[in-house]
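Chemist: Please find one structure pasted underneath; my questions will follow.
The values are calculated or read from the model by the stated rules, or taken from the named source; none is laboratory data. Computed from a predicted structure; not experimentally measured. Quick reminder, even Gly has a Cβ in these numbers, built from the backbone with ideal geometry, and neighbours come from all protein chains shown. We work out accessible area using only protein heavy atoms, side chains counted, and drop any ligands, DNA or RNA first. Shrake-Rupley method; radii C 1.70, N 1.55, O 1.52, S 1.80 Å.
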Amino acid sequence: MSRQLFVTLDGPKGAGKTTLLEAMAKVLRADNHKVVRLCEKKSDPWRAATMLLVNQFARHPSLDLERQVCQRLADSRAWITREVLTKQPSDSIILMDRWYPSDAAFRRMVPFAEILQLNIERNVRTPDLHVGVVTAPEISWARAAARTRGLSSTVMHKLEEHAACTRAFEREITGNGWLLCRNEGTLEDAAMQVISEIYRVL
């Protein structure tokens, strides 16, 4: 492999993105690939300031506030593109836990096409493979609730909201031609589906 491959996993809360990413990394490394695992929120230097806006939006939802959040997230991804992704080995597979917003942006006021345009204008790196990870809303909601940190969502507190987010997310996966991964069976099956697509892209 002579070039970076940038693979991103997005999906509703509790869909199993992080667990799936860990399983994929293990298989790819066992196959002698150089794997770099990154997380959007941990790489974002302005995360705290953005979350203050998100908290404000949660208390007083408005189109203007949501646009500000989306713009800030796009600015952060532009910084990650320049300052983090370019510094990874040229022959690595970069697995990113979240890239485009996975929660509020898929169920609120700003159309997702507008969010993508914000990223394009800022020269945010487009994934070589963008994976949308989904489950039935009841499954992912129960998984999220069972985690040590619980649901821990600033903007989503009801199953009905989560179900709407999941439906909206599936529409965007189809509309944008991303890889749909239904993570409802075994973890091994889901991991191998994505890994097979990674090898196809390579």
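Chemist: Suppose we keep only residues that are surrounded by fewer than 18 Cβ atoms within 10 Å (Cβ to Cβ) and closer than 17 Å to residue 92 by Cα within the range 187-202. Which one would you say is nearest to the chain's Cα centre (by Cα)?
Modeler: Once the filter is applied, the top-ranked residue is 197.
Chemist: Same structure, new question: Residues being crowded, with 21+ Cβ neighbours inside 10 Å and modelled with pLDDT of 95 or more: count how many of those fall in the range 75-103.
Modeler: So the answer is 6.
Chemist: Pull up the range 24-47, narrow it to residues that are in a helix (DSSP H, G or I) and surrounded by 19 or more Cβ atoms within 10 Å (Cβ to Cβ), then point me to the one that is farthest from the chain's Cα centre (by Cα).
Modeler: By that ranking, first place goes to 28.
Chemist: Might you check whether a residue that is of a type in the set (Asp, Glu), closer than 20 Å to residue 97 by Cα and without any contact (Cβ under 8 Å) to a residue 60 or more places away in the chain occurs anywhere in the range 113-131?
Modeler: Let us first name the residues in the range 113-131 that are of a type in the set (Asp, Glu), namely 114, 121, 128.
Next, only the ones that are closer than 20 Å to residue 97 by Cα stay: 128.
So of that shortlist, the ones also without any contact (Cβ under 8 Å) to a residue 60 or more places away in the chain come out as none.
No.
Chemist: Please specify each residue of the range 128-145 satisfying the condition of being of a type outside the set (Gly, Ala, Ser), surrounded by fewer than 20 Cβ atoms within 10 Å (Cβ to Cβ) and in a loop (DSSP other than H, G, I, E, B).
Modeler: Result: 128, single match.
Chemist: Same structure, new question: Out of the residues in the range 115-127 that are open to solvent by 30 Å² or more (accessible area, probe 1.4 Å) and of a type in the set (A, V, I, L, M), state the one that is nearest to the chain's Cα centre (by Cα).
Modeler: 116
Chemist: Evaluate the following for residue 69: is it assigned to a helix (DSSP H, G or I) and surrounded by 20 or more Cβ atoms within 10 Å (Cβ to Cβ)?
Modeler: On the way: assigned to a helix (DSSP H, G or I): yes; surrounded by 20 or more Cβ atoms within 10 Å (Cβ to Cβ): yes.
For residue 69, the condition - assigned to a helix (DSSP H, G or I) and surrounded by 20 or more Cβ atoms within 10 Å (Cβ to Cβ) - is met.
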